[in-house]
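What follows is calculated from the coordinates using simple rules that are stated; it is not laboratory data. Quick caveat, the model's predicted, so the values are computed rather than measured. Cβ atoms come from the backbone with ideal geometry, glycine included; neighbour counts cover every protein chain shown.
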């Protein structure tokens, strides 16, 4: 009986560990996507800034700041 309890306890622990691992994997994917979205937004803003400066140089000979 004690052995059966240990087996059931281990199954429960293994199941919980697997579920925890899956949740953490999903959270990591979501976190990575948030970081990528943020970096993409920064890149867009920086690109617009560079385009503005180039346009200013072409139009006026001076960069727009």
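Pop a pseudo-label 7 angstrom from the Cα along the beta-carbon direction at both residue 28 and residue 13 and give the gap in nm to one decimal.
For the pair residue 28/residue 13, the computed spacing is 2.3 nm.
What translational diffusion coefficient, in µm²/s and rounded to a whole number, does the Stokes-Einstein relation yield for the chain at 37 °C and a viscosity of 0.692 mPa s, taking the hydrodynamic radius as the Kirkwood radius over Cα pairs? Could the numbers behind the result be given before it?
On the way: Rh = 16.4 Å.
For the chosen part, D equals 201 µm²/s.
Pick from 25, 37, 14 the residue whose mean-square fluctuation is largest in a GNM of the chain, springs joining Cα atoms under 10 Å.
Among 25, 37, 14, the largest mean-square fluctuation in the Gaussian network model of the chain belongs to 14.
Starting from 0.36 nm per residue, how many nanometres of slack lie between residue 38 and residue 57 once their C-alpha separation is accounted for?
On the way: separation 19, 0.36 × 19 = 6.84 nm, distance 2.89 nm.
Extra length available between residue 38 and residue 57 comes to 3.9 nm.
Once both axes come from the Cα atoms, what is the angle between helix 2-60 and the longest principal axis of the chain, in degrees from 0 to 90, rounded to 10?
The helix 2-60 is inclined about 0 degrees to the chain.
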